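Enquirer: Below: one structure in structure tokens.
The values are calculated or read from the model by the stated rules, or taken from the named source; none is laboratory data. A quick note: this is a predicted structure, and the numbers were derived from the prediction, not measured. Please note: Cβ atoms are built from the backbone with ideal geometry, for glycine as well, and neighbour counts cover all protein chains shown. Just so you know, the surface numbers come from the protein's heavy atoms only, side chains and all, with ligands and any DNA or RNA stripped out. Shrake-Rupley method; radii C 1.70, N 1.55, O 1.52, S 1.80 Å.
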Amino acid sequence: MATADLSPLERKYARLGIVLIGPTVLVFCAVIVYPLISAIYLSLFSIYTPTLEGEWVGLSNYAELLAKGEFWSSLWTNIIWTVGTLTLQILFGVGMALILHQNMIFRSLARSLILFPYFVSTVVAVLVWRWLFNDLYGILNHFVMWTGASDMPVDWLGSMPNALLSVILVGAWKYFPFVVIATLARLQTIPDSLYEAAKIDGAGPIARFFDVTLPQLRDVLVVIIMLRAIWDFKEFDLIYLLTGGGPVTSTQTIPLLVYKEAFALNQMGMASAYAVVMMALMLVFMILYIRRTQENEL
Amino acid sequence: MKMSRRILFNVIAWGLVLAVAFPLFWMIVTSLKPGFELFRRPPTMLPETVTFEHYWRLLSETPFLLYFRNSVILASATTVVVVGIGTLGAYSLVRFRYRGRESLAFLVLFTYLLPSVVLIIPLYLFMVKLGLSNTITSLVIAYTTFALPYALWLLRSFMAGIPEDLESAALVDGASRLGAFRDVILPQLLPGIISTALFTFILAWNEYLYALVLVNSDGARPLTTGVMTMLISAFNIEWSLLMAASVMMSVPLIIVFAFLQSYLTRGFGAGAVKG
């Protein structure tokens, strides 16, 4: 659209539109675009955090990072965490949505209770779970020993593979309500006539789920999986607060590695390089998601 | 037969719901138990003696109230700034035509998905350079990085739901563009603004990473990092006290939640929720 074709009134409106978006653009440039570019720039330096003095090292941070075992093991942990917790979120989330879609007593109370883990702060969630996981007085260990599943208290967070499994489980508990709400909203829009037609054709409840419900849910599930994959991949708070990446580095994902490198090992340049690589990896998913959203809008 | 199946379904469904909610129930129970009862085996499901001593100690002997005040200021300031800028921005993105509008919408969605750890190092350096580190202001600035894209995205879909004819009618009647915005758009958008504000408040209230990196003094520390400091600095961990802190920290969320009920579905329908 060339500006020359516009009437004076339209041009005036366009100017007003730009004035209104002005504050947004300014804030975006200051707190997002500028930091983003400087993250890439910083990754080419070697910077000591306490003095903030650095020297140009070019791409050597990246060369070092790709040769390091710690980067690859963190990436691997990151992938296991993302796939593990996402799978549980989807399975449990869709299951719970199907239940909450049925008639049950006090349904709206049940829905509020299910939503709560999603809205409490990660700090609260982690404190509660660390108390549940407590080795001597935690109720989970009491339960395990009472059922006779184990004679010894289980070390939920201090040994492998328990620590990673615990983190995945708590992540699923915290974030599955998102899947529940999004799925529930879609379930409510599936026309009853589809189910009735299936019933007339003699389909049982299980056949109806696979032939009617699941195909109808497909589009929304794809969106949920992409969004949650992006968010789970970059999760910092939950893992950092539950295990701090430990024992040693067994539950350390890339966001934790960035934080450790920048503020514990004091290597800001190197930390920026990790962050940039992480963003590059996520970019694939982000572009896929954005593409899809734009298609839906057209 | 049909009846018994319904009862069975209800029992199983509620069993699952209660299992999910159990950690929250346990948080409240633990916060009300006196010290000696906490370490009893087997643990008591409901406190035999209910005590509020932990809440009292939390308020009188720890900096909890200071953290709480900081969090209220921080979350409110973030919400006001973000919703203010976002409402104007969303109006512009939806109802005006100019070059670069499409790419701006793209940028908003992109930043909405951006990981905080990428921005945190430059932002930290930025705050140090401006002399803003250890202030609530630095956190408000940092929080706009995730809250503004989020609010813009939500408001944009709410704005798109308002019929364009309403505004056109006002313009035909001789209203200016901004007059029409104030008299026609804003009242229509109000439910959307409220729901966006509530979600933004929750996001800011719960944030942890920026608070961890940018603030290192009790004067500006919000609840999330403050309560974790209480855990780390304690000689032996006092779980009852921490559970009391967790309950208190969730109270504003419960209040917001009660408000949210009617706005909740609207927010989710309009553009999902950040996690």
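Enquirer: Percent of accessible area on chain B owned by carbon and sulfur, 1.4 Å probe?
Expert: 68
Enquirer: What is the Cα centroid distance between segment A:116-161 and segment B:166-231, reported in whole angstrom?
Expert: 36
Enquirer: Additional query: Give me the distance in nm between label points sitting 7 Å out from Cα along the Cα-to-Cβ direction at B:Glu53 and A:Phe210, one decimal.
Expert: Going by the 7 Å Cα→Cβ label model, 6.0 nm.
Enquirer: Longest span of chain B, sites excluded, free of trypsin sites (Lys or Arg not before Pro) in DSSP loop with at most 15 other C-beta atoms within 10 Å?
Expert: Result, exposed sites excluded: B:100-275.
Enquirer: Kindly list the residues of segment B:95-118 that lie in the label zone of A:Ile40, defined by a backbone N under 16 Å from the point 7 Å along the Cα-to-C-beta vector.
Expert: From segment B:95-118, the list is B:107, B:110-111, B:114-115, B:118.
Enquirer: Let me ask you something else. So what J values fall out for segment A:185-202 if you push phi through Karplus, 6.51 cos²θ - 1.76 cosθ + 1.60 with θ = phi - 60°, rounded to Hz, Gly and Pro as x?
Expert: 4, 6, 4, 5, 9, 6, x, 4, 4, 4, 5, 5, 4, 5, 5, 4, 6, x
Enquirer: Work through the residues other than B:Pro63 whose Cβ is under 11 Å from its Cβ and net out their charges, Lys, Arg +1 and Asp, Glu -1.
Expert: 0
Enquirer: Which whole-number value in Å² is the accessible area per residue of segment B:28-74, probe 1.4 Å?
Expert: 56
Enquirer: Just to check I understand the Karplus step: with θ = phi - 60° and J = 6.51 cos²θ - 1.76 cosθ + 1.60, what whole-Hz values come out for segment A:136-142, glycine and proline as x?
Expert: The phi angles translate into 8, 10, x, 6, 5, 5, 4 Hz.
Enquirer: Determine the shape class of segment B:1-139: with a ≥ b ≥ c the square roots of the Cα gyration tensor eigenvalues, call it rounded for a/c under 1.5, and otherwise prolate if a/b is greater than b/c, oblate otherwise.
Expert: Judged from the Cα gyration tensor, segment B:1-139 comes out oblate (a/c at least 1.5, b/c at or above a/b).
Enquirer: Could you pull the accessible area for B:Ile7 with a 1.4 Å probe, rounded to 10 Å²?
Expert: Surface open to solvent at B:Ile7 totals about 90 Å².
Enquirer: How large is ³J(HN,Hα), in whole Hz, for each residue of segment B:178-194 in order, when computed from phi with the Karplus curve 6.51 cos²θ - 1.76 cosθ + 1.60 and θ = phi - 60°, using x for Gly and Pro?
Expert: Karplus-based 3J(HN,Hα) across segment B:178-194 equals 6, x, 5, 4, 5, 8, 10, 5, 4, x, 5, 7, 3, x, x, 5, 4 Hz.
Enquirer: Rounded to the nearest 100 Å², what's the accessible area chains B and A bury against each other, both chains counted, probe 1.4 Å?
Expert: That pair of chains buries around 8500 Å² in total.
Enquirer: When the dipole is taken about the Cα centre of the protein assembly as shown, and only Lys, Arg (+1) and Asp, Glu (-1) are charged at their Cβ, what size is it in debye, to the nearest 20?
Expert: 840
Enquirer: May I ask you to give the solvent-accessible area per residue for chain A, in square angstrom, as obtained with a 1.4 angstrom probe?
Expert: Counting only protein heavy atoms, the per-residue value for chain A is 47 Å².
Enquirer: Going by amide H atoms built from the backbone, whose H comes under 5 Å of the H on A:Ile47, apart from near neighbours?
Expert: Excluding prolines and chain starts, which carry no amide H, the hits are A:Met268, A:Gly269, A:Met270.
Enquirer: Within the set A:Lys68/B:Lys129; A:Lys174/A:Lys199; A:Lys234/A:Lys260; A:Lys234/B:Lys129, which residue pairs have Cα atoms separated by over 25 Å?
Expert: A:Lys68/B:Lys129; A:Lys174/A:Lys199; A:Lys234/B:Lys129, as the Cα separations exceed 25 Å there.
Enquirer: For segment A:123-141, which residues drop by 50 square angstrom or more in accessible area between the chain on its own and all protein chains together (1.4 Å probe)?
Expert: Output list: A:Val123, A:Val124, A:Leu127, A:Val128, A:Arg130, A:Trp131, A:Tyr137, A:Ile139.
Enquirer: Which net charge results when you count Lys and Arg as +1 and Asp and Glu as -1 among the other residues whose beta-carbon is under 12 Å from that of B:Leu209?
Expert: Local charge sum for B:Leu209: -2.
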